[in-house]
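The values are calculated or read from the model by the stated rules, or taken from the named source; none is laboratory data. A quick note: this is a predicted structure, and the numbers were derived from the prediction, not measured. Here the Cβ is made from the backbone with ideal geometry for all residues, glycine too, and neighbour counts use every protein chain on show. With ligands, DNA and RNA removed, areas are computed over all heavy atoms of the protein, side chains included. Shrake-Rupley method; radii C 1.70, N 1.55, O 1.52, S 1.80 Å.
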Amino acid sequence: MRCSGDGNDVTAAILRLMWEWHMRVTIIGTGYVGLVSGACIADFGHQVTCVDKDITKISTLNAGEIPIFEPGLGDIVRSNLEQGRLAFTTALGESMRGADAVFIAVGTPSRRGDGHADLSHVYEAAREIATALEGFTIVITKSTVPVGTGDEVERIIRELRHDADFAVVSNPEFLREGAAIHDFKHPDRIIIGTEDEHAKNVAAEIYRPLYLNQAPILYTSRRTAELIKYAANAFLATKITFINEIADLCERVGADVQEVARGLGFDNRIGPKFLHAGPGFGGSCLPKDVRALIKTAQDHDVPMRILEAVESVNETRKRAMARKVSISFAGVLRGKTVAVLGLTFKPNTDDVREAPSIPLITALQDMGAKVRVYDPAGMEQARQVLTDVTYCRGPYDCVEEADAVVIVTEWEQFRALDMERLRDLMACPVVVDLRNIYRADEMKKHRFAYTSVGRASTHQPIGIYTPLGQAESLTPALSGAATTAP
């Protein structure tokens, strides 16, 4: 390429080279991982076709409508659709013509009954890929799968197509719901699990646009890459569970878990992330991956005592959070109305899978409470799993005439509630903050009976006699609320 001429000529030449350089990529599965991966890879400049058997979903996506809640995803999908770099189809064979790589990005939920990862969709995809392979293609497993799955995918394809020229690669995803676009384009690391040099080169070309972000690429064996993903999620789950148990101890000994976590986080060997005490972890990844890793270890006669404890403690904790509400009423919730703010397992997603809110709400109902709920994004998903609750239009509608409000998800909308309005609407000024988004002294100033996680409460249970002069009784605040409630 000649470098003479004006800047526009040079820019145009560079753009032409970039277009010629792009790769053709097929992605099987348009769920969370498949859709985010496909949109971002297309945004790199590659030609991407996403495949799914759901005709309705494909039609919706081709119209630029997004079936999941993920900030920024809709804009990227629509932009790349308009520019012709992204397409959606139900025809796998057609999409794989001339493809350099095909990603398997289908779901691997926990299998009913035993906790193992359900790999039926992965193996089905492998069989379909086998029938459509043309020329050398790398088959990339993006789904989270147990160690050895790549070997089985290779065996399936080889058995069906002895003549096929392909390589199976493990390339696990590390996307956080609510921040997936940033995570894909600014990864901490890219794991490429293969010992095939040609496959390494193809995978590196797919991610070459991330070179400017200096994203490190770690090449490993396929089995090592598969285990890295499970080990990473299991470690994060362990870290969350550890700080949650420290929070329980803080409540007993009079310490503040937020300050403890901050003190821990300053240690570079530990770091500050995933040290926020709360009601337990949930979502589509951590719970199922912990279970799957435990099952894999059991299959190989390796005890995983720490992870077994993490799973048990976390599941027990979600339901136990209801006791924080009942304690405010001397253990009696029958006939009380509880407002629950937040249903998703974290903010900026509509995902309620294994969210702490679900077992918490069922526990409140088992105690006889009536439950009102509100979530900015998760209401439709929650309707599929939660019954006998009142779905509300907003946070203030939700708390009206409630005896207690429980903050379960730390949505931005809940971080700056009008406390005077909240108090006036409620039947009783009781707030149980499971995410520690408010300060105890501020809540006390607004005359709320306030309970959080890992910090001292600002009240004693209703109905518990408090000798005059020793502590402030909650009864006057409650009676005041009863007279001011509309």
The lysines whose Cα lies under 22 Å from the Cα of Lys185, excluding any fewer than 8 residues away in the same chain, are Lys142, Lys200, Lys229, Lys273, Lys346
Return one number: the angle in degrees, 0 to 90 and rounded to the nearest 10, between the long axis of the Cα atoms of helix 357-366 and the longest principal axis of the Cα atoms of the chain.
-> 40
Might you tell me the accessible area per residue for the range 233-335, computed with a 1.4 Å probe and given in Å²?
-> 54
Counting only protein chains, not ligands or nucleic acids, how are Val253, Val371 ordered by accessible area (probe 1.4 Å), most first?
-> Val253, Val371
Share of antiparallel DSSP beta bridges in the chain, in percent to the nearest 5?
-> 5
To the nearest 10 degrees, the tilt of helix 305-320 (Cα long axis) against the first principal axis of the alpha carbons of the chain is 50
Heads up, I need the accessible area for Ser95: 1.4 angstrom probe, whole protein in place, Å², nearest 10.
-> 10
Relative to the present Cα-Cα distance, how much length would full extension add between Asp299 and Glu134 at 0.36 nm per residue of separation?
-> 55.8 nm
FRET efficiency for Glu154 and Ala231, using Cβ-Cβ distance with R0 set to 22 Å, rounded to 0.05 | 0.45
Accessible surface of Met23 - all protein chains present, 1.4 Å probe, nearest 10 Å² | 20
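In what sequence, highest mean first, do 137-144, 75-82 appear when ranked by Cβ atoms within 10 angstrom? It would help to have the intermediate numbers written out before the result.
Values: 137-144: 24.8, 75-82: 17.9.
Answer by packing, highest mean first, reads 137-144, 75-82.
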Ranked highest first by the average count of other Cβ atoms within 10 Å around their residues, in what order do 232-240, 382-390, 355-363 fall?
-> 355-363, 232-240, 382-390
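Once you have the Cα-Cα distance between Glu205 and Arg252, take 0.36 nm times their residue separation minus that, and quote the gain in nm to one decimal.
Once the chain is fully extended between Glu205 and Arg252, it gains 11.4 nm.
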Counting helices only, and only those DSSP H runs with n ≥ 4, report the 222 nm mean residue ellipticity of the chain as the sum of -39,500 (n - 2.57) divided by its residues, in deg cm²/dmol to the nearest 500.
-> -13000 deg cm²/dmol
Could you calculate the contour length gain from Val385 to Ala215, that is, 0.36 nm times the residue separation minus the distance between their Cα atoms, to one decimal place in nm?
-> 57.3 nm
Leaving out ligands, DNA and RNA, what percent of the accessible area of the range 313-429 is carbon and sulfur, probe 1.4 Å?
-> 46
May I ask for the angle, rounded to the nearest 10°, between helix 222-253 and the longest principal axis of the chain, with both axes built from Cα atoms and the value confined to 0 to 90°?
-> 10
Taking a label point 7 Å from the Cα of Asp163 along the Cα→Cβ vector, which residues of the range 105-142 have an amide N closer than 18 Å to it?
-> 129-137
Please report the relative contact order for the range 312-471, taking Cα pairs under 8 Å with a sequence separation of at least 6, and give it as a percent rounded to a whole number.
-> 23
Under 16 Å Cα to Cα from Lys53, which aspartates and glutamates show up? Leave out anything in the same chain fewer than 8 places away.
-> Glu94, Glu124, Glu128
Relative contact order, percent, the range 145-200 [alpha-carbon distance under 8 Å, six or more residues apart] = 32
